[in-house]
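Down below is the structure, laid out as structure tokens.
The values are calculated or read from the model by the stated rules, or taken from the named source; none is laboratory data. Computed from a predicted structure; not experimentally measured. Cβ coordinates were reconstructed from backbone atoms using ideal geometry, including for glycine residues, and neighbour counts include every protein chain displayed. Heavy atoms of the whole protein, side chains included, go into the accessibility calculation; ligands, DNA and RNA do not. Shrake-Rupley method; radii C 1.70, N 1.55, O 1.52, S 1.80 Å.
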Amino acid sequence: SGFLQAAPHARAHTGHEDGAIRAALAGGGHGVHRQIKDVGLHLPPQGAFCAAARHADLGDLHTGGADDLHRVPQREGDALHYGAAQRPQIPLIAESEEYAAGVGVYIRGAFATQIGQKDQTAAAGLLRNGKLVAIPTETVYGLGANGLDENAVLRIFEAKGRPQDNPLILHISEPKELESICHDIPAQAWLLAEHFWPGPLTMVLPVRDLVPKRTTAGLDTVAVRCPKTAATRELIRLAGVPIAAPSANRSGKPSTTTAAHVLHDMDGRIEAILDGGPCEVGVESTIVDLTGERPRLLRPGGVTPEELRALLGELDIDRAVLGQISNDAVVRAPGMKYKHYAPSAEVYIISGSSEAAARYIRRRFGPGDAVLCFAEELPLYDGCNPTAYGSENDVRTLSAGLFAALRDLDRPDIRTIYARCPEGGGVAYAVGNRLKKAAAFRVVDAEHEA
Ligand code: AMP
Ligand code: MG
């Protein structure tokens with residue numbers, strides 16, 4: 001396949017600093033370049049180099065260079081020569097705020113609103129050409145491709161290592177685009193769209209024929225969302241197609257909530273990352289299935305069950321939300337049966353008061369163990385090197401911080417994670433769901449288990 005593999009010596013890096021970037025380039029020269037020859041290499045803007053390059057697919061674009069390039073393009077259309085070998089022209093889509101990492105393009109912008117028109121034009125060009133572009137959304141980073149191009153969609157599954165029976169969510173730039181990909185749209189869907197789009201809500205509806213089977217995993221329904229991040233909606237508009245985008249993590253791992261996370265998981269596997277800064281919500285979208293007799297919650301997220309009930313009057317909760325589903329089960333949201341969001345360690349949720357949980361955990365704590373707790377509880381875990389993922393008093397900080405913390409704790413030296421989990425409805429329901437899935441629903445009540 002045309003699937004890009006990281007060259008063996010292509011080093012992933014996540015640094016934003018010049019030094020790190022140059023080290024990556026110096027170490028990973030030719031292999032890296034071979035991988036990205038049809039996409040581009042971005043370099044930090046610092047230094048004496050700034051030239052322009054042109055590429056048929058990407059239009060007029062700017063470029064920078066660095067010392068470890070033998071020659072920096074001097075004029076439009078110039079080839080970029082790299083290391084000892086001469087390479088074909090490399091289209092560059094960098095301007096002052098951007099650079100590419102060792103493999104693939106990394107478009108940097110501190111905030112979503114600062115992602116420039118050029119970034120979006122370049123990224124839209126990649127998407128139209130069947131390439132993979134990671135996109136920032138308010139929930140988590142998405143691994144985007146043209147959702148109507150089955151070859152592009154296939155590459156998403158390959159890049160993630162995702163089972164092909166797990167369908168993708170299509171992202172649209174405006175609610176009215178729903179009509180072009182779904183049919184028999186009930187009034188409830190428009191009501192939800194009016195209240196929650198753009199936003200962290202995905203609806204499952206009957207799919208039109210133009211959407212390839214690969215996108216829907218052969219279902220006759222499709223999941224659709226209009227994300228809140230303005231730069232991403234603009235990108236989708238420019239691409240002119242719905243963008244299929246699952247979370248931009250390797251399958252089974254915690255979702256990515258920063259561009260650095262995406263680079264860590266996807267370097268060498270995708271062509272670009274549009275960096276919109278850290279995700280605001282931090283857990284994946286709420287999914288509601290509107291194709292049954294009653295609306296059904298398939299996955300809790302930033303739009304809460306209470307908000308949905310208030311609007312719809314009724315809402316069933318799918319069993320996949322409530323407990324562990326066996327791998328051969330037939331479920332409404334096929335993705336829900338897979339082990340998800342999990343670091344390599346075994347996660348145990350320790351419920352009960354802060355004090356009871358700390359007593360329980362401290363009694364057992366040993367080498368290879370880690371504690372994931374609320375910021376308020378840090379003092380209770382002296383000597384246990386605890387990780388806090390947010391404040392118990394502000395569940396939005398917990399949702400925003402959960403995946404980054406789980407990723408931090410995904411280390412070979414950590415074998416058991418004792419985790420504290422918020423309880424109750426609202427956004428806590430979504431945080432609890434993700435953490436329980438990471439823990440394979442192992443919950444210990446510290447109040448009763450001394
Ligand atoms: P991800 O994009 O990784 O956040 O996962 C998308 C989720 O949406 C998965 O759990 C899928 O099972 C679910 N999903 C996508 N399409 C459908 C559909 N047509 N019906 C039910 N669930 C869906
Ligand atoms: Mg996912």
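Here are some notes:
- Lone unmet requirement of (1) under 17 Å from the mean Cα position of the chain (by Cα); (2) away from ligand 1 (no atom under 16 Å from the Cβ) for Asp265: (2)
- Every residue from the stretch 393-450 that is within 24 Å of Pro278 (Cα to Cα), modelled with pLDDT of 95 or more and assigned to a loop (DSSP other than H, G, I, E, B): Asn393, Asp394, Leu409, Arg420, Cys421, Pro422, Gly426
- Selection from the stretch 299-313 of residues that are over 13 Å from Gly432 (Cβ atoms), in a loop (DSSP other than H, G, I, E, B) and open to solvent by less than 60 Å² (accessible area, probe 1.4 Å): Gly302, Val303
- Residue check for Gly252: under 23 Å from the mean Cα position of the chain (by Cα), touching a residue at least 40 places away in the same chain (Cβ under 8 Å), on the phi > 0 side of the Ramachandran plot and open to solvent by 30 Å² or more (accessible area, probe 1.4 Å): no
- Some residue of the stretch 382-392 being aliphatic (A, V, I, L, M), more than 30 Å from Glu306 (Cβ to Cβ) and away from ligand 2 (no atom under 16 Å from the Cβ): no
- The single condition among (1) of a type outside the set (Asp, Glu); (2) open to solvent by 10 Å² or more (accessible area, probe 1.4 Å); (3) closer than 22 Å to Leu398 by Cα; (4) in a loop (DSSP other than H, G, I, E, B) that Ile287 does not meet is (4).
- Only residues that are surrounded by 24 or more Cβ atoms within 10 Å (Cβ to Cβ) and more than 14 Å from ligand 2 (Cβ to nearest atom) were counted in the stretch 271-284, giving 6.
- Single unsatisfied condition, Arg363 versus (1) in a helix (DSSP H, G or I); (2) in contact with a helix residue (DSSP H, G or I) (Cβ under 6 Å, 6 or more places away or on another chain): (2)
- Flag if Ala320 is surrounded by fewer than 24 Cβ atoms within 10 Å (Cβ to Cβ), under 20 Å from the mean Cα position of the chain (by Cα) and within 16 Å of ligand 2 (Cβ to nearest atom): no
- In the stretch 255-269, of all residues being open to solvent by 10 Å² or more (accessible area, probe 1.4 Å) and either in contact with a Leu (Cβ under 8 Å, 6 or more places away or on another chain) or in a loop (DSSP other than H, G, I, E, B) (or both), the one that is nearest to Arg299 (Cα to Cα) corresponds to Thr258.
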